[in-house]
Structure formats: structure tokens, C-alpha cells
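Okay, so here's the structure we're looking at.
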Amino acid sequence: MRDMAVEIRRRNEAFAKTPEGEEFDLRLEFTANLLRALKTRRMTQAEFCRKIGMKPPQFTRIVQGDMNITLTMVGRIAKGLGVHPSRLFRKRAGVAKLAGA
């Protein structure tokens, strides 16, 4: 069992270094930071969507990683949260744990 865990960890580390792994981490960071910001502001997803003029299903696709978004959309989201867009991509210690690294 321990050998399997070591092998899974090794594969995760190898995947994280690929372009696909880096993209996955970026999406995970963005989503975690977005949801954390909403929670901090005690704002529901529906309220946030109304505030920035987005349909809730579109927001859901973004959060689930099913939709690529433009820099314009990142800007709208950041403005709606009152933060600089780069803040949505900041790495946090807990994000790596969520990714299984």
C-alpha cells in the first residue's frame, strides 16, 4: 500500500511539471481564490453573477473548469470582487494540497 502511495505521489509530481499540469494548477488556484473571495465577502454565486452581469450556468462552468475564460472576463470577475486580477492567480499553501501534490 505504501509503495502505491509513493508511486501516485511521484506521478502527481511528474504531471505537475507538464504544461497540462501547470494549466490544471492555474485553474485550481483561480477557482479556489474566486470561491474564497466570495465566501469572505459573504456573497452567493447568484448575487455575484447579478453584480457582474453573468449568467449562473456560465459561472458554474468557469468554476468547474469546463470553460476557458478571456482576460476580459478575468478583469470583470476581479473588478466585481474589488481585487487586482493577479490576486485571483496567487498560489496559496492549501491549493497544492487540494491538487494532491
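Only the coordinates and a few stated rules stand behind these numbers; no lab work does. In this text the structure is predicted, and so the values were computed from the model without any measurement.
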Legend entry - Value at 222 nm in deg cm²/dmol, rounded to 500, when DSSP H runs of n ≥ 4 in the chain each add -39,500 (n - 2.57): -21500 deg cm²/dmol
Legend entry - Count of Lys pairs (Cα-Cα under 20 Å; at least 8 positions apart or interchain) in the chain: 10
Legend entry - Whole-Hz couplings from phi, Karplus 6.51/-1.76/1.60, listed for segment 2-7; x for Gly and Pro: 5, 4, 5, 5, 5, 5
Legend entry - Residue-by-residue Karplus 3J(HN,Hα) for segment 17-27, coefficients 6.51, -1.76, 1.60, Hz, glycine and proline x: 8, 7, x, 5, x, 5, 5, 4, 4, 4, 5
Inset, instruction - Convert each backbone phi in segment 66-82 into a coupling constant with the Karplus relation 6.51 cos²θ - 1.76 cosθ + 1.60 (shift: θ = phi - 60°), then list the ³J(HN,Hα) values in order as whole Hz, x for Gly and Pro. - result: 8, 9, 6, 10, 7, 5, 4, 5, 4, x, 4, 5, 4, 4, x, 8, x
Inset, instruction - With a ≥ b ≥ c taken as the square roots of the eigenvalues of the C-alpha gyration tensor of the chain, please select rounded if a/c is under 1.5 and otherwise prolate if a/b is larger than b/c or oblate if it is not? - result: prolate
